[in-house]
Each structure stands twice: as C-alpha cells, then as structure tokens.
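A.B. asks: Got a structure here, written out as structure tokens. Questions coming.
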C-alpha cells in the first residue's frame with residue numbers, strides 16, 4: 001500500500017492584516033521557498049519542510065510595521081488549512097507521530113495525532129524573550145494557529161536548553177519529524193481509516 005498521490009494544497013488567505021499564499025506537497029523531498037517577511041520564521045519553516053520531507057512554499061505580506069504577530073499567526077493558520085486539505089480523508093496513514101530532536105544542549109519532543117480535534121499543549125520556557133528581532137512568544141501563536149486549522153492534537157515540550165534559538169529550532173524540527181511519521185503510509189492498514197469511528 002502506498003500513500004495516495006497528489007497530497008497537495010494551495011491556500012490563499014487575504015485579510016486586512018495579511019495576504020498569504022501557502023503551497024504544500026506532503027509527498028515532497030523537503031524543498032522550501034519561503035518569503036514571509038520574518039527571516040527567523042523562514043528559518044523555522046525550513047526546518048519543518050526539510051525534516052518533514054514536505055515541499056513548502058510560503059509568501060506573505062503583513063503589517064510588519066506594527067509587529068510580526070499577525071503575520072506569524074496567519075501563516076500558522078494558512079499552513080494548517082493546507083495540511084488539512086492535503087490530508088483529505090486520512091485513510092491509510094499512520095495518524096500518530098512523535099520525535100525527540102536535540103541541538104547541542106537543547107532537546108525537544110513533539111507528539112501529534114491527526115485526530116480531527118484541535119488541541120495544543122505547549123510546555124516551553126524560553127531562556128529569553130527574543131532571538132534577534134523575533135519575539136519568541138510568537139512560536140506558540142504559530143503552532144496554535146496551525147493546530148486549530150489543521151485539526152490536529154500536538155504536544156510540544158522543550159525538555160532542556162540554554163540557547164533560545166536552539167530551543168525554538170528543536171521544536172520546529174521535532175514537529176517536522178513527527179508530522180513525517182504521522183502522514184506516512186501504514187502498510188498494515190491498507191486503505192482503512194485509522195480510527196474506530198471509521199473517519200477522522
């Protein structure tokens with residue numbers, strides 16, 4: 001059994017605060033084209049693509065003259081919508097994924113369930129508030145938007161770390177690895193739904 005072809009999505013989100021386009025291919029090779037206007041976020045999104053082995057294109061224009069909040073949150077929302085569309089009925093997939101990822105002294109864990117129910121548990125204490133110009137409280141806002149609109153359950157834990165950049169990067173890498181596991185084909189399942197309810 002193999003995963004269905006063409007697990008792709010192209011989503012455009014336009015509001016008075018942001019204009020965003022996300023193109024996603026779940027069966028890609030980890031290629032990323034990123035132009036969010038927030039360089040640190042582009043660096044983090046690249047981790048999701050490369051470690052999740054998904055192709056991801058993000059272009060965004062937002063009200064960055066105010067701050068990056070609307071742009072980061074809305075990119076999370078739009079990626080979540082693209083994930084949900086690309087996954088379709090989720091038949092034949094593993095559904096669950098998990099990963100531990102270290103980066104030097106930092107270690108993060110991501111555990112997710114493509115459950116159809118949005119839920120985020122974010123157990124992260126960054127060692128400082130900003131990396132360069134990026135406000136690290138926006139990491140949670142990004143994942144909250146993604147979780148809500150992808151309709152998945154995600155537990156993110158920063159288990160240790162002294163360098164806040166490393167802490168953030170391990171979270172995005174771990175999420176990418178966990179997502180890669182969850183969307184993979186389950187050879188024992190065939191084309192069945194990975195749920196006793198018969199649908200997700």
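A.B. asks: Quickly run through region 12-34 and pick out the residues that are within 16 Å of residue 142 (Cβ to Cβ), over 15 Å from the mean Cα position of the chain (by Cα) and in a strand (DSSP E or B).
C.D. replies: 13, 18, 20
A.B. asks: Residue 24 is checked against (1) surrounded by fewer than 22 Cβ atoms within 10 Å (Cβ to Cβ); (2) farther than 20 Å from residue 168 by Cβ; (3) at pLDDT 95 or above and fails just one. What number does that condition carry?
C.D. replies: Single failed check for residue 24: (1).
A.B. asks: Among the numbered criteria (1) in contact with a strand residue (DSSP E or B) (Cβ under 7 Å, 6 or more places away or on another chain); (2) part of a strand (DSSP E or B), which one does residue 117 miss?
C.D. replies: (2)
A.B. asks: Right, another one. Looking only at residues in region 38-49 that are touching a strand residue (DSSP E or B) at 6+ places or on another chain (Cβ under 8 Å) and surrounded by 18 or more Cβ atoms within 10 Å (Cβ to Cβ), which one is farthest from residue 101 (Cα to Cα)?
C.D. replies: That would be 38.
A.B. asks: If you don't mind, another one. Conditions: (1) in contact with a helix residue (DSSP H, G or I) (Cβ under 8 Å, 6 or more places away or on another chain); (2) under 29 Å from residue 186 (Cβ atoms); (3) outside any helix (DSSP H, G or I). Residue 6 meets all but one. Number of the miss?
C.D. replies: Every condition holds for residue 6 apart from (1).
A.B. asks: Right, here's the next one. Of all residues in region 22-42, count the ones that are without any contact (Cβ under 8 Å) to a residue 60 or more places away in the chain and touching a helix residue (DSSP H, G or I) at 6+ places or on another chain (Cβ under 8 Å).
C.D. replies: Selection size over region 22-42: 9.
A.B. asks: Then there's this: Within region 144-200, track down each residue that is modelled with pLDDT of 95 or more, touching a strand residue (DSSP E or B) at 6+ places or on another chain (Cβ under 8 Å), over 19 Å from residue 102 (Cβ atoms) and in a loop (DSSP other than H, G, I, E, B).
C.D. replies: Result: 152, 184.
A.B. asks: Something else about it: Across region 69-108, what is the number of residues that are crowded, with 19+ Cβ neighbours inside 10 Å, within 14 Å of the chain's Cα centre (by Cα) and assigned to a strand (DSSP E or B)?
C.D. replies: Counting residues in region 69-108 that are crowded, with 19+ Cβ neighbours inside 10 Å, within 14 Å of the chain's Cα centre (by Cα) and assigned to a strand (DSSP E or B) gives 2.
The values are calculated or read from the model by the stated rules, or taken from the named source; none is laboratory data. For clarity, every value in this text was computed on a predicted model and none was experimentally measured. Heads up, the Cβs are rebuilt from the backbone with ideal geometry, glycines too, and the neighbour counts pull from every protein chain shown.
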